[in-house]
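Contents: one structure, followed by commentary.
The values are calculated or read from the model by the stated rules, or taken from the named source; none is laboratory data. Remember, predicted model here, so these are calculated numbers, not experimental data. Because the Cβ atoms are built from the backbone with ideal geometry, glycine has one as well, and the counts that use them run over all protein chains shown. These area figures cover heavy atoms from the full protein model, side chains too; ligands, DNA and RNA do not enter into them. Shrake-Rupley method; radii C 1.70, N 1.55, O 1.52, S 1.80 Å.
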Amino acid sequence: MATVMGVFAHPDDETFIAGGTFARLAAEGHRVVIACATRGEMGRRLGVPLRATRESLGALREQELREACAELGVRRLVLLGYRDKEVEMVPEDEGVSRLASLFAEERPNAIITFHDPLGGHPDHAAIGRLATAAFGRYHRTHPEARLFYLAWGDDLAAFRRYPQPAKALVEVDVRAYRRQKLLAFRAHRTQSELDGSIWGNEEKAVHRMRHREYFVLSQGPSLRCPGTLID
């Protein structure tokens with residue numbers, strides 16, 4: 001079985017965008033590893049009702065992340081320990097070397113991260129930039145590995161406006177894994193409690209969730225099997 005690694009900026013990134021895919025990969029027997037740059041201590045939401053203070057939010061969001069990863073079947077969570085909203089200040093060589101060492105240790109077949117700049121948030125773009133550079137080092141000795149960027153929808157053309165290669169759009173059917181994704185959403189209580197579509201009747205909440213998640217293959221061999229990140 002394969003190893004798939006997600007490299008993200010904040011607790012909840014792994015769930016809100018790609019949680020169904022990680023749950024599917026785990027259910028299919030693959031090893032899922034998540035690396036998270038920060039503990040999300042500068043997040044705007046403190047819970048509804050109030051669950052945290054500015055001082056306690058980081059520890060609470062870390063615990064939420066651990067619970068969400070358990071719901072998705074993540075085998076290993078790595079916390080990089082960078083400051084929320086300061087990932088772009090991480091010295092490039094330090095960040096790239098740290099991620100490259102993690103890749104060498106885990107030997108992932110596929111790495112998923114944010115695109116720079118299409119990830120939007122400065123922390124998203126920064127961790128995506130570091131992960132892309134680290135993948136470049138890793139790929140020299142693991143040419144079979146693939147790098148994917150998270151996509152918000154099926155607009156491949158948007159990615160082709162930037163220097164990073166955009167080989168193909170991958171659409172993953174996560175219909176059967178929406179419940180696991182919902183439970184992971186709910187684990188991130190401080191961030192999700194204002195979202196009425198997530199709470200209330202569980203069956204209705206499951207059916208409101210998207211059926212598909214999208215990724216852009218940027219580097220590595222072409223996929224032989226459409227609709228998956230692993231051949």
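So here's what we get for this one:
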quantity	calculated
Accessible area per residue in Å² at 1.4 Å probe, computed on the chain	45
Shape category assigned to segment 61-172 from the gyration tensor of Cα positions, a/c cut at 1.5	rounded
In nm, spacing of pseudo-spin labels at E28 and A157 (7 Å Cα→C-beta vector)	3.0
Efficiency of FRET between S197 and E94 - r from beta-carbon atoms, R0 45 angstrom, step 0.05	0.70
Partners for K181 among aspartates and glutamates (Cα-Cα distance below 14 Å; same-chain residues under 8 apart left out)	D12, D13, E14, E64, E67, E71, D173, E202, E203, E213
Per residue Cα convex hull volume in Å³ - calculated over the chain	111
Extension gain, I230 back to K204 (0.36 nm per residue minus Cα-Cα distance, nm)	6.3 nm
Taking the chain and dividing mean pair separation by its residue count, relative contact order in percent (alpha carbons under 8 Å, at least six apart)	26
Cα-projected label distance for H142 with E105, points at 7 Å along beta-carbon direction, nm	1.3
Mean Cα-pair separation over length for segment 57-174, i.e. relative contact order, pairs under 8 Å, 6 or more apart, %	22
